[in-house]
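Engineer: Have a look at this one before I ask anything.
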Amino acid sequence: MTKSVTVRVPGKVNVYLGVGPREFSGYHDLATVFQAVGIYDEVTVSDADSLTISGLGSFTDRIPTDETNLAWKAAELVARACGEEPNIHIQIDKSIPIAAGMAGGSADAAATLIACDAYWNAGIPRDQLDAMAATLGSDVPFMMHGGCALGIGRGDVLSPVMTRGSFHWVFATFDEGLSTAQIYEKTDDMRGLEFEGEPEVPTELLSALARGDAPALGRLLHNDLQLAAVTSRPQLGRVLEQGIDLGALGAIISGSGPTCAFLVRDESSAIDLVVALKASGLVDDVLHTHGPVHGARVISTSR
Ligand code: C5P
């Protein structure tokens, strides 16, 4: 029997995304609150003669199968750390939409770090895996942990955020993605060189999360990248408005977009919104889920 390890990893939405000015590094200082949501990819690492990647699921033809996939780099990092050759196959069974602002690529990288550590019995300490995650991308450390967390720095310096109960989300997704780097750049252009704001998460938002108060959280959702995303693709503005007209408690672009995230009161409001958005013809797909959920975790191993 071939040896294999499967890790399940969720997507995310930023319930608050405050973006500071562009730093010399090219990155922006963030103050963000991530929430992991129940749309999952499954990453399976198994024996192979060399490092290879393949996709499964509805987005298979859009998954990079070479070193441009963050999962490839993640496997190389773990192999180097434990003195192994990265002779493994990485199979990515994808449900998190691609280039959608839900950190799907980062999630796969986080899952690969954890899968490779288990596959090679490396026992790499968690803080070292987190450090590797941060070198791969700003969202990768959060995808390792999941739940709900405050992210500062590039979004990679995390502290847990208390939440109560479960929040219901509806996500409107689009086949055509947006480039994260371009949305940050457009945000800079729209703000101008003199912009100096320091991002800060409002305490009211943290207390709405702690109380499990969905109506309050809905009112406080905020994303500094939203204007650039909506200006790049005006249809997104219409989708957000429609969600509010149809009774959502709040509507926001997820991360750098184009996914539109709607916070709703309960299961039955979610189902109503899914049906109405699907009928609108403005979106390519609509998903209903909840958060927060756990981060990347091993779900099966065979040896
Ligand atoms: O870190 P990651 O590779 O996911 O970031 C993708 C792009 O998003 C970066 O190349 C950068 O242009 C932008 N970014 C940023 N500031 C951050 C995070 C990302 O400008 N804090």
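Engineer: Say whether the condition of being more than 30 Å from S166 (Cα to Cα) and either without any contact (Cβ under 8 Å) to a residue 60 or more places away in the chain or among the hydrophobic types (A, V, I, L, M, F, W, C) (or both) is met by at least one residue in segment 3-20.
Structural biologist: no
Engineer: Among the residues in segment 135-144, are any touching a residue at least 60 places away in the same chain (Cβ under 8 Å), away from the ligand (no atom under 11 Å from the Cβ), open to solvent by 20 Å² or more (accessible area, probe 1.4 Å) and under 26 Å from G250 (Cβ atoms)?
Structural biologist: no
Engineer: Given the criteria assigned by TED's automatic domain parsing to the domain that holds Y119 and within 16 Å of the ligand (Cβ to nearest atom), does V45 qualify?
Structural biologist: No, not satisfied.
Engineer: So if I check each of D93, D108, which one is assigned to a helix (DSSP H, G or I), touching a residue at least 24 places away in the same chain (Cβ under 8 Å) and not basic (K, R)?
Structural biologist: Checking each option against the conditions leaves just D108.
Engineer: Condition check: open to solvent by 20 Å² or more (accessible area, probe 1.4 Å), within 22 Å of S54 (Cα to Cα) and either modelled with pLDDT of 95 or more or part of a helix (DSSP H, G or I) (or both). Does A118 satisfy that?
Structural biologist: yes
Engineer: Quick one: which residue in A131, A107, A111 is away from the ligand (no atom under 11 Å from the Cβ) and open to solvent by 20 Å² or more (accessible area, probe 1.4 Å)?
Structural biologist: Values: A107 fails: open to solvent by 20 Å² or more (accessible area, probe 1.4 Å); A111 fails: open to solvent by 20 Å² or more (accessible area, probe 1.4 Å).
Every option except A131 fails the conditions.
Engineer: Please find, among V78, V43, the residue that is touching a Cys at 6+ places or on another chain (Cβ under 7 Å) and crowded, with 24+ Cβ neighbours inside 10 Å.
Structural biologist: Result: V78 is the single residue among V78, V43 that is touching a Cys at 6+ places or on another chain (Cβ under 7 Å) and crowded, with 24+ Cβ neighbours inside 10 Å.
Engineer: Can you name the condition, by its number, that T187 falls short on among (1) among the hydroxyl-bearing types (S, T, Y); (2) open to solvent by 20 Å² or more (accessible area, probe 1.4 Å); (3) within 14 Å of the ligand (Cβ to nearest atom)?
Structural biologist: T187 satisfies every listed condition except (2).
Engineer: Can you report the number of residues in segment 80-90 which are in contact with a strand residue (DSSP E or B) (Cβ under 7 Å, 6 or more places away or on another chain) and either within 30 Å of L236 (Cα to Cα) or assigned to a loop (DSSP other than H, G, I, E, B) (or both)?
Structural biologist: Residues of segment 80-90 in contact with a strand residue (DSSP E or B) (Cβ under 7 Å, 6 or more places away or on another chain): 88-90.
Subsequent filtering for residues that are either within 30 Å of L236 (Cα to Cα) or assigned to a loop (DSSP other than H, G, I, E, B) (or both) retains none.
Number of matching residues: 0.
Engineer: Hey, among the residues in segment 250-303 that are in contact with a strand residue (DSSP E or B) (Cβ under 8 Å, 6 or more places away or on another chain) and free of Cβ contacts under 8 Å to residues at least 40 places away in the same chain, which one's least open to solvent (accessible area, probe 1.4 Å)?
Structural biologist: My answer is G250.
Engineer: How about segment 145-175: which of its residues are of a type outside the set (A, V, I, L, M), surrounded by fewer than 23 Cβ atoms within 10 Å (Cβ to Cβ) and within 13 Å of the chain's Cα centre (by Cα)?
Structural biologist: Once the filter is applied, which keeps residues that are of a type outside the set (A, V, I, L, M), surrounded by fewer than 23 Cβ atoms within 10 Å (Cβ to Cβ) and within 13 Å of the chain's Cα centre (by Cα), segment 145-175 yields H145, G147, D156.
Engineer: Would you please name the residue that is least open to solvent (accessible area, probe 1.4 Å), looking only at residues in segment 192-220 that are at pLDDT below 95 and on the phi < 0 side of the Ramachandran plot?
Structural biologist: Filtering segment 192-220 for residues that are at pLDDT below 95 and on the phi < 0 side of the Ramachandran plot, the one least open to solvent (accessible area, probe 1.4 Å) comes out as G197.
The values are calculated or read from the model by the stated rules, or taken from the named source; none is laboratory data. As the structure is a prediction and not an experimental result, all values here were calculated from the model. A quick note on method: Cβ atoms are made from the backbone with ideal geometry, for glycine too, and the neighbour counts reach across all protein chains shown. Remember, those area values only see protein heavy atoms, side chains included, never the ligands or the DNA or RNA. Shrake-Rupley method; radii C 1.70, N 1.55, O 1.52, S 1.80 Å.
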